[in-house]
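*Asks:* My structure is below; once you've seen it, I'll send some questions.
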Amino acid sequence: GQCANGWQPVDCGMSARETKLLFSEPRVPVGAWISPHLPALSRSVESVDGLAKLMKELHGPQAGLGKSLEAAIIGQERNFFGSLLPFVQKLACEAPKLFPDGVAVLQRQRDGTRRLSSRQIASLLACAFFSLLSKVDSVIEKCPELDFAYVFDRCKTQTQYLLHYFQRLEEADAAGEFPERFVDFHRRVVAEEEKKRKFSNDALLKSNAPLRDFKAHSKGEIQDSKGAIHADFANEWIGGGALMGGCVQEEILFMIRPECLASMLFCEVMAPNESIIITGAERFSSYSGYGHTFTWKGDYRDPTPLDSHKRLRTVIVAFDALVATSSNQYKMENMQREIIKAYAALSFPRSCFESHAEKGYAFKAFATGNWGCGAFRGHIPLKAMLQWISASEAGKDIVYYDYGDAGARGLAEVTRKLLEAEKTVGWLWRELVSYYVEVGMRGDLFSYLIEGLDPQQREKNLAEARAQGTCGRTHLESEAVTKSILEGLSAKMNARSRGRGDTTTT
């Protein structure tokens, strides 16, 4: 049956022990935070000055009405104060009843699922509208903050997205058609034993898992892939800068699917071996642009059907990349970290989705792209190959959207050739480690991989490079250096793990 906080342990596949653990975990005391403000929230507000007065009553004389929100109200006063704002107030007032036991935190290093109804999520976002969830509390000190204050003050575009979300729900509620759906938030943890068994250097070198199908596209977008797992190039603090004016991949995703924002209240910062999976978030808006050109383009009616658990058949996986430098991203332990991170995003339990292959919702493919290659400065060819390893180990195909980035030039060719040659995860891993040692990243990775299909041609090219002074080692020397580096790294990382419990796999 459904629990008071909207979470359904049977449907999520939780055992009796796990259900007991859920209710012993830290909880966000939503009801306790909102209840004292019910009298103020229940009063009618009829003007901008009245709304500013309400905010002062809620937060003190220093509080006020955000400039972007005020600008959005101008010319829309009748609709805003006549129907939209009263609806948002009503949703916020429902929080104590919708969350009598609060919301259990999804803690680091603990697998778990929280299932919230669409109305519960709307109530949380209504509380964020009035900045009622931003209290400093030790329970959520490791979670991002769910608060619209910054957006409403400084972010005109994001304010449009949030107001449109509430407008859509208000219209549905007035028509007696408020959506009866659920959204699941799941934390996936790759356990230490699984990391060592699958992603130690030896395990990767010995892996005979075939490289899965890989389709590269220079046009189109991740959300165009119907029935695929959609990548969220996340910050370790889920949501990233979505409520701080950010306008890149994750932030855009959270604006067009505002239900994702609820995760910022109860999902602790992700560890290197974790991901967060969101199932069932609806898309409400269309958009154009990226970064400073990001713009709201109007309403979007999500055609995605529901599954038997009343979740939209949409699966989003949030996984954060390392902040890269020109050299550190090719170090073995950092490549392993990225493989484990992407694997965590793709190896989630079956409770996170319900396949319906006949209608195109099989979730056998991973729609992704240039992960960690913007502000985090990742190398596109490397990140594409690391994701390919993870997807292959997880049994998922890849549908890759490079958004026309020149750094991905040659991706379609190299993946096609490696697939034709029936290469494995083990082969690709060895090539990536060797590339850093042999050419020191001074050569093109894709060309290096293609050369690896013909060892004699590679040795010839390396000989020419040595003659030109751009590569100082013979192939045999590089093999020895590679082995030495791998053994040295293993010893170093093992010692570090014994000394301080480090979870990095070697």
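*Asks:* May I ask you to list pairs of residues, at least six apart or on different chains, whose Cβ atoms are under 8 Å apart, with the first in the range 311-331 being surrounded by fewer than 19 Cβ atoms within 10 Å (Cβ to Cβ) and the second being of a type in the set (Ser, Thr, Tyr)?
*Replies:* Going by the 8 Å Cβ cut-off, the qualifying pairs are LYS331/TYR436.
*Asks:* Checking ALA465 against (1) in contact with a strand residue (DSSP E or B) (Cβ under 8 Å, 6 or more places away or on another chain); (2) at negative phi: exactly one of these is not met. Which one?
*Replies:* Looking at each condition in turn, ALA465 falls short on (1).
*Asks:* So VAL269 ticks every box in (1) closer than 23 Å to HIS164 by Cα; (2) open to solvent by less than 20 Å² (accessible area, probe 1.4 Å); (3) part of a loop (DSSP other than H, G, I, E, B) but one. Which box is left unticked?
*Replies:* Only one criterion is unmet by VAL269, namely (1).
*Asks:* Related question: Name the residue that is modelled with the lowest pLDDT, counting only residues in the range 307-331 that are hydrophobic (A, V, I, L, M, F, W, C) and farther than 19 Å from SER392 by Cα.
*Replies:* Filtering the range 307-331 for residues that are hydrophobic (A, V, I, L, M, F, W, C) and farther than 19 Å from SER392 by Cα, the one modelled with the lowest pLDDT comes out as ALA324.
*Asks:* Go through the range 189-229 and report how many residues are open to solvent by less than 50 Å² (accessible area, probe 1.4 Å), touching a strand residue (DSSP E or B) at 6+ places or on another chain (Cβ under 8 Å) and more than 30 Å from TYR300 (Cα to Cα).
*Replies:* Residues in the range 189-229 being open to solvent by less than 50 Å² (accessible area, probe 1.4 Å), touching a strand residue (DSSP E or B) at 6+ places or on another chain (Cβ under 8 Å) and more than 30 Å from TYR300 (Cα to Cα): 5 in total.
*Asks:* Pull out all pairs, ordered by first then second residue, where Cβ-Cβ is under 9 Å, the residues are six or more apart or on different chains, the first lies in the range 197-211 and is at positive phi, and the second is surrounded by 16 or more Cβ atoms within 10 Å (Cβ to Cβ) and of a type in the set (Gly, Ala, Ser).
*Replies:* Final answer for the pair search is none.
*Asks:* Another question about this same structure. Pull up the range 451-470, narrow it to residues that are in a loop (DSSP other than H, G, I, E, B) and farther than 25 Å from GLU413 by Cα, then point me to the one that is modelled with the lowest pLDDT.
*Replies:* The extreme case among them is THR470.
*Asks:* Testing PHE254 on (1) touching a Leu at 6+ places or on another chain (Cβ under 7 Å); (2) open to solvent by 10 Å² or more (accessible area, probe 1.4 Å), one condition comes back false. Which one is that?
*Replies:* (2)
*Asks:* A follow-up question, please. Does at least one position in the range 231-240 carry a residue that is of a type in the set (Gly, Ala, Ser), open to solvent by 20 Å² or more (accessible area, probe 1.4 Å), farther than 29 Å from THR415 by Cα and not in a helix (DSSP H, G or I)?
*Replies:* Yes, the conditions are met somewhere in the range 231-240.
*Asks:* Any chance the range 124-147 includes a residue that's closer than 22 Å to ARG168 by Cβ, touching a Lys or Arg at 6+ places or on another chain (Cβ under 9 Å) and either at pLDDT 95 or above or of a type outside the set (Asp, Glu) (or both)?
*Replies:* Within the range 124-147 (the criterion being closer than 22 Å to ARG168 by Cβ, touching a Lys or Arg at 6+ places or on another chain (Cβ under 9 Å) and either at pLDDT 95 or above or of a type outside the set (Asp, Glu) (or both)), the answer is yes, since at least one residue qualifies.
*Asks:* Of everything in the range 355-369, what is out of contact with any strand residue (DSSP E or B) (no Cβ under 8 Å at 6 or more places or on another chain) and of a type outside the set (A, V, I, L, M)? Give them in sequence order.
*Replies:* Across the range 355-369, the qualifying residues are HIS356, GLU358, LYS359, GLY360, TYR361.
*Asks:* Then there's this: With the requirement that a residue be under 24 Å from SER42 (Cβ atoms), in contact with a helix residue (DSSP H, G or I) (Cβ under 7 Å, 6 or more places away or on another chain) and open to solvent by 20 Å² or more (accessible area, probe 1.4 Å), what does the range 135-159 give you?
*Replies:* Answer for the range 135-159, where residues must be under 24 Å from SER42 (Cβ atoms), in contact with a helix residue (DSSP H, G or I) (Cβ under 7 Å, 6 or more places away or on another chain) and open to solvent by 20 Å² or more (accessible area, probe 1.4 Å): LYS135, ASP147.
*Asks:* Can you say whether GLN109 is at pLDDT below 95 and assigned to a loop (DSSP other than H, G, I, E, B), as far as the supplied structure shows?
*Replies:* no
Yes/no matrix, rows are residues, columns are (1) touching a residue at least 40 places away in the same chain (Cβ under 8 Å); (2) under 30 Å from ILE277 (Cα atoms):
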position	(1), (2)
LEU58	yes, no
PHE81	no, no
PRO86	yes, no
PRO96	yes, yes
ASP101	yes, yes
GLN107	yes, yes
SER118	yes, yes
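*Asks:* Another one. Kindly evaluate SER83 against the criterion of being hydroxyl-bearing (Ser, Thr, Tyr), outside any loop (DSSP other than H, G, I, E, B), touching a Ser or Thr at 6+ places or on another chain (Cβ under 8 Å) and open to solvent by less than 80 Å² (accessible area, probe 1.4 Å).
*Replies:* no
The values are calculated or read from the model by the stated rules, or taken from the named source; none is laboratory data. Small disclaimer: the values here were computed from a predicted structure and weren't measured. Cβ sites come from the backbone with ideal geometry, for glycine too, and all protein chains shown count toward neighbours. In case anyone asks, the SASA skips ligands and DNA or RNA and just uses the protein heavy atoms, side chains included. Shrake-Rupley method; radii C 1.70, N 1.55, O 1.52, S 1.80 Å.
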